[in-house]
Amino acid sequence: MSHSPSRGARRTITGLATALLALAGPLAVPAAPAAAAAGTGQVSKVAYTTAEQTAALSYWTPARMQRVGRSVDLGATGPLSKAWTGKAIPSIGRLFFVNSKGQDTWCTASAVTSANRSVIMTAAHCARLGSSPVNTYSDLVFVPGYAKGKAPYGRYVVKATMTPRSWAEDTVNDVAAMVVATPAKGKRLTDAVGAQNIAFGRAVGERVAVFGYPGTTPQRGEQLLYCAGTNQRAPQSEQRVPCDLGGGASGGPWLAGFNSTTGKGTVVSVNSHGEGKGGSPMYGPTFDKTAKALYDAAQRG
C-alpha cells in the first residue's frame, strides 16, 4: 500500500521543495493511504482509483493551476533559457500534483507514441519521493499545451505511474512513465495532441532541444521555455546538456532531431537536476533497459 497526503493536509506551496528540478530531498512523513501500489521486476506501479481521478480533476481548477506558480519565486530565468515562440507543441505540458508533504506543485511531461495512445514521460521525482517506497504523490493531472493559464486541449488525469524500483528504494534512475485516462467525452491523449517519438539506448553526442515550464521569474511556470545544445555522457548513467532551466522544468523532454516547423523530435531523456540552484549543465537519465521497461509497462496500461 502506498501513501499520499490527505486533503486536509494540502496547502499551496511557498517553495517547490521536493518535487521540482533538484533530486528529492530528505524523507517525508507518510500520510494517509490512497492509491494502490504494486510492481514486478524493475518497475514499481501506482494505480489511482476512479474516485481519486475524479477528485484530482476537481482539485486542479484553472485558478489553482495559476496560483501555484505565483506562490513561488526561484529567481531570474537563466541566460540559456529562452521562451518558445515557434509553433505550439501540444504534446508537451505541465504536470500538476500534490507531493508527499501535501504541497501543490508541478513538473513538465510529454506525450509519446505508444500502443494505448495514452503515455507521458517525465521524471521519477515527479511521481514519488526517492528512497522512500511509501511516499507516492497524489492528484496528478497533465495539461498538454499549457500556456498562460489556458488548457487548450483539456486536462488528462493520471491513472497510473511507473517508476524504477531503483528510484523508490535508492534514488537511482530518475525517469517515469505515466498512463493518463481518456476524458469521458474526449479523445485519447495522442489522438488529441500528437506525440513525440521515443528512443532507448541512443548514443550521446547529438544536438537536443530541452523543454520545460520552470518556476523562474518572470514566467513562473506559465510559459514553455527551452534550451538547445549537444548532449554528453555523464557519471552514474546520466547525460548532460548546457541548460539552466529552473525548478518546474523537471521531467521535460530532451528532443533529438527536433524540427521547429513541426514541433516534433525524439525523446532521449528528461530533465532531472541542474548544477546547483538553476545552474548549467542540466542532467538527465540515460534511457536504458530500465526506462524501456517503464515505457512498455505504461503502454500496456
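The values are calculated or read from the model by the stated rules, or taken from the named source; none is laboratory data. Predicted, not measured: the structure shown is a model, and the values here were computed from it. Counting neighbours? That spans all protein chains shown, and the Cβs are built from the backbone with ideal geometry, glycine included. Protein only, heavy atoms only, side chains kept; ligands, DNA and RNA dropped before computing areas. Shrake-Rupley method; radii C 1.70, N 1.55, O 1.52, S 1.80 Å.
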Leaving ligands, DNA and RNA out of it, report the carbon-plus-sulfur percent of the accessible area of region 111-184 at a 1.4 Å probe. 51
If exposed means trypsin sites (Lys or Arg not before Pro) lying in a DSSP loop and surrounded by at most 14 other beta carbons within 10 Å, then the longest stretch of the chain lacking such sites spans residues 188-276
Filter on 101/159; 148/289; 45/150; 159/289; 187/292 - keep pairs with C-alpha separation over 32 Å: 148/289
Out of (1) -1.10, -1.24; (2) -0.95, -1.13; (3) -0.77, -1.08, which label holds the value of log10 I(q)/I(0) by the Debye sum over Cα atoms at q = 0.13, 0.15 Å⁻¹ that was computed here? (3)
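Restricting to Cα pairs below 8 Å that are 6+ residues apart, what does the relative contact order work out to for the chain? Please round to a whole percent.
Relative contact order, the chain: 23 percent.
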As a test question: what accessible area, to the nearest 10 Å², does residue 57 have when a 1.4 Å probe is rolled over all protein chains in place? 50
Roughly speaking, what is the centre-to-centre gap between region 184-235 and region 77-135 when only Cα atoms are used, to the nearest Å? 9
Which value, in Å², gives the accessible area per residue of the chain when a 1.4 Å probe is used on the protein heavy atoms? 38
Who wins for biggest fluctuation among 161, 49, 136 in a Gaussian network model of the chain, springs between alpha carbons below 10 Å? 49
When every protein chain stays in place and a 1.4 Å probe is rolled, 139, 170 sorted by accessible area with the largest first are 170, 139
